[in-house]
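The values are calculated or read from the model by the stated rules, or taken from the named source; none is laboratory data. A quick note: this is a predicted structure, and the numbers were derived from the prediction, not measured. For neighbour counting, all protein chains shown are included, and Cβ atoms are generated from backbone atoms with ideal geometry for every residue, glycine included.
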């Protein structure tokens, strides 16, 4: 009994090859036809005749799946809240993980402007994207409106001092 050169444990079929290898050599492989999606003909078929975004939308919008998906999504988000915040800070401000915690510790857990203990947001320059510090929401909104313009801020302080008898913290 002769054995195939391609697979020594398989019996010889023809030309020193097993039947599978012989057939593969004799018949060229069929060209792969890339199927187009029915919904968007410019996109590749993903499943059920749809492109990937339409398939995912249909999959998650099915009544039997949506309740399970929404519940599991809520559970995952609740369990990974800090991870999501870190990812958002990395995406929005280019901050590496742990940088927010280091800034929070350096500022003593307080707003850099009003020195109050509140939930702090990342303050950044809209022109350069550079992170300036951590501010509470009211101070961050004022900085956004002021656009870090010293003349505007000086005018704001002068107005507040004249209108309300504003006194700076630490002065008589």
- Task: Looking at (1) in contact with a helix residue (DSSP H, G or I) (Cβ under 8 Å, 6 or more places away or on another chain); (2) surrounded by 13 or more Cβ atoms within 10 Å (Cβ to Cβ), find the lone condition where residue 12 falls short.
- Result: (1)
- Item | Qualifying positions in region 87-126 - touching a helix residue (DSSP H, G or I) at 6+ places or on another chain (Cβ under 9 Å), surrounded by 12 or more Cβ atoms within 10 Å (Cβ to Cβ) and over 27 Å from residue 146 (Cα atoms) | 97
- With respect to residue 49, determine if the residue is under 21 Å from the mean Cα position of the chain (by Cα), at positive phi and modelled with pLDDT under 90. no
- With the first residue restricted to region 42-67 and required to be within 20 Å of residue 32 (Cβ to Cβ), and the second required to be assigned to a helix (DSSP H, G or I), Cβ contacts under 7 Å at 6 or more apart or on different chains are 46/52; 46/55; 47/55; 48/55; 50/58
- Which of (1) touching a residue at least 12 places away in the same chain (Cβ under 8 Å); (2) within 23 Å of residue 89 (Cβ to Cβ) does residue 145 not meet, given it meets every other one? (1)
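Per-residue answers, yes or no, for (1) assigned to a loop (DSSP other than H, G, I, E, B); (2) at pLDDT 90 or above:
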| residue | (1), (2) |
| --- | --- |
| 66 | no, no |
| 72 | no, no |
| 75 | no, yes |
| 84 | no, yes |
| 114 | yes, no |
| 141 | no, no |
- Query: Does residue 59 satisfy the condition of being under 30 Å from residue 130 (Cβ atoms), surrounded by 12 or more Cβ atoms within 10 Å (Cβ to Cβ) and out of contact with any helix residue (DSSP H, G or I) (no Cβ under 6 Å at 6 or more places or on another chain)?
  - Reply: no
- Set 118, 110: member being at pLDDT 85 or above, in contact with a strand residue (DSSP E or B) (Cβ under 9 Å, 6 or more places away or on another chain), assigned to a loop (DSSP other than H, G, I, E, B) and more than 21 Å from residue 90 (Cα to Cα): 110
- Message: I'd like to check something: does region 83-99 contain any residue that is under 30 Å from residue 39 (Cβ atoms) and without any contact (Cβ under 8 Å) to a residue 12 or more places away in the chain?
- Response: yes
- Task: Could you grab me the full set of residues in region 128-139 that are assigned to a helix (DSSP H, G or I) and touching a strand residue (DSSP E or B) at 6+ places or on another chain (Cβ under 7 Å)?
- Result: 137
